[in-house]
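The values are calculated or read from the model by the stated rules, or taken from the named source; none is laboratory data. These numbers come from a predicted model, not from an experiment. As a convention, Cβ positions derive from the backbone with ideal geometry for all residues, glycine included, and neighbour counts pool all protein chains shown. These accessible areas exclude ligands, DNA and RNA; they are computed on the full protein's heavy atoms, side chains included. Shrake-Rupley method; radii C 1.70, N 1.55, O 1.52, S 1.80 Å.
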Amino acid sequence: MMAWSRATVLPVMPSRGFRRLMVSVLIDTAGAGLFLPLSLLFLVEARSIPPAVAGTAITLGSLASFLMIPAGARLIQRYGPRNCLVASNLLTAAGYGLYFVADGFGAVLGAALLVMSADRLYGAAWPTALARATDGADLTRWFSFVNFLKTTCLGLGAVAATGLLALAGRSGLSVALAANAVSSVVAALVLISAEIPAPVMDERTSDRPRASVRSAIRDHPFRALVLSQTLLSFAWLIPTVAFPIYLVTVLGLPAYWPTLVVAARYAGISVLQMPLSRLTVRLTRSRIMAAAIALAGCAVALTAAISILPAAWAGGTAVLVAALLAVAELTSKPSAAAAAVQLAPSGDEGPYMAVFQLTWTVSYAVGPAIIGAGLDHPLLLWTGIGIAVLGSGLTHRYGGRRRTRNESHHLSGSHCVAD
């Protein structure tokens, strides 16, 4: 075992396979950040598909992809997380390639379904690969590190997308799409030779039945964790989905305020992710998640108050809300992901992580439609999100009591990592 001091941000990278996994995640996320902000615009401008048609097809494709979660869990069990990550990257590249020839609702729906089904597989495979590549040690910090990498790359990709669109106009949309597809292929190539250790099955677990999506859902502490985090994730939509419309269209603020809000979110996560991970290392995951839920509740209450504040304070308050939600998000997500791995049977994490991805995919699939309709009555919208956060807190408090028996692993394993 290799000891490390409290001042150290991260332990030494455990293996060459782990480093390749991190490089692959970085490349894949940067490509996604380059194209995702422009995806709908590409279909409208470059393929001349009406916005309502393209938007509806993408939404339906995203929702239909949830049906692939059980299949993804079985694939991870049979072929391992690395092979599933490679397959996911290649399917993603193929799906985005179909965007170039999409000419209507059916074509967009098929392309979106392929891309999002690959994303469902990726969302289950990479946490499983991370848990195995790090031998399960110091999971909260490793998830924090990956969250930092992905957020930074998404932010840089989004900035690059804006510049590309400004410089190249409509042709820049095609360049962004091609770059995203290429990045997926490169990410797959990086992983092909990566060595992800096989799970070690001890005598106590070698004879048990394999985990499944159904058994994961029946696991009461795990189910409570998933429900709590899924409800909480609706608060993450406020800065990126709700505020751009609310601040400009509803409150009539200058158009630069949404940019400042999104910048505050990305900057907050990128700058504070690792320092906060270090500061909270002695706290249990349960306490960290409870604090994040409380902070998110305060942010939602502050959001509801924006409309009654003086106009000069509205924009600054929105930036403050984005900063508070960034802190809540960057502390909650890694702790919840590590808790999910801890609850899964050793060496059989795939089905659990396949279900756990619902904690961020559900809100991003249905949230835009809810917010789009709810902004006609903002107070009701903020109240609804507040109720979701309250439900998250109650579920965390009363639904996950048996999860606390595993909290000792968070503390006892937080200062070492396997050779």
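Summary of values
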quantity: Residues satisfying the stated conditions in the stretch 382-402, i.e. surrounded by fewer than 21 Cβ atoms within 10 Å (Cβ to Cβ) and modelled with pLDDT under 95; calculated: ARG397, TYR398, GLY399, ARG401, ARG402
quantity: Single unsatisfied condition, ARG47 versus (1) under 24 Å from LEU358 (Cβ atoms); (2) at pLDDT 85 or above; (3) crowded, with 16+ Cβ neighbours inside 10 Å; calculated: (1)
quantity: Close pairs from the stretch 264-277: first in the same structural domain as PRO334 (by the TED database), partner open to solvent by less than 50 Å² (accessible area, probe 1.4 Å) and among the β-branched types (Val, Ile, Thr), Cβ under 6 Å, at least 6 apart; calculated: ALA264/VAL319; ILE269/THR151; SER270/THR151; SER270/THR152; LEU276/THR331
quantity: Residue count for the stretch 209-240, restricted to those that are among the β-branched types (Val, Ile, Thr) and open to solvent by 40 Å² or more (accessible area, probe 1.4 Å); calculated: 2
quantity: Meets criteria (open to solvent by 10 Å² or more (accessible area, probe 1.4 Å), more than 30 Å from THR56 (Cβ to Cβ) and in contact (Cβ under 8 Å) with a residue 12 or more places away in the chain) for ALA328; calculated: no
quantity: Tally, over the stretch 351-381, of residues that are farther than 15 Å from ALA235 by Cβ, aliphatic (A, V, I, L, M) and open to solvent by 30 Å² or more (accessible area, probe 1.4 Å); calculated: 5
quantity: Subset tally (residues that are more than 21 Å from LEU67 (Cβ to Cβ) and open to solvent by 40 Å² or more (accessible area, probe 1.4 Å)) for the stretch 80-131; calculated: 5
quantity: Scan of the stretch 48-73 for residues that are free of Cβ contacts under 8 Å to residues at least 60 places away in the same chain, assigned to a helix (DSSP H, G or I) and not aliphatic (A, V, I, L, M), ordered by number; calculated: PRO51, GLY55, THR56, GLY61, SER65
quantity: Meets criteria (touching an Asp or Glu at 6+ places or on another chain (Cβ under 8 Å), part of a helix (DSSP H, G or I) and open to solvent by less than 30 Å² (accessible area, probe 1.4 Å)) for LEU173; calculated: yes
quantity: Exclusive hit being farther than 19 Å from VAL185 by Cβ, of a type outside the set (Ser, Thr, Tyr) and not assigned by the TED database to the domain that holds SER363, set LEU98, LEU75, LEU90; calculated: LEU75
quantity: Residue within the stretch 345-364 that is aliphatic (A, V, I, L, M) and over 14 Å from the mean Cα position of the chain (by Cα) present; calculated: no
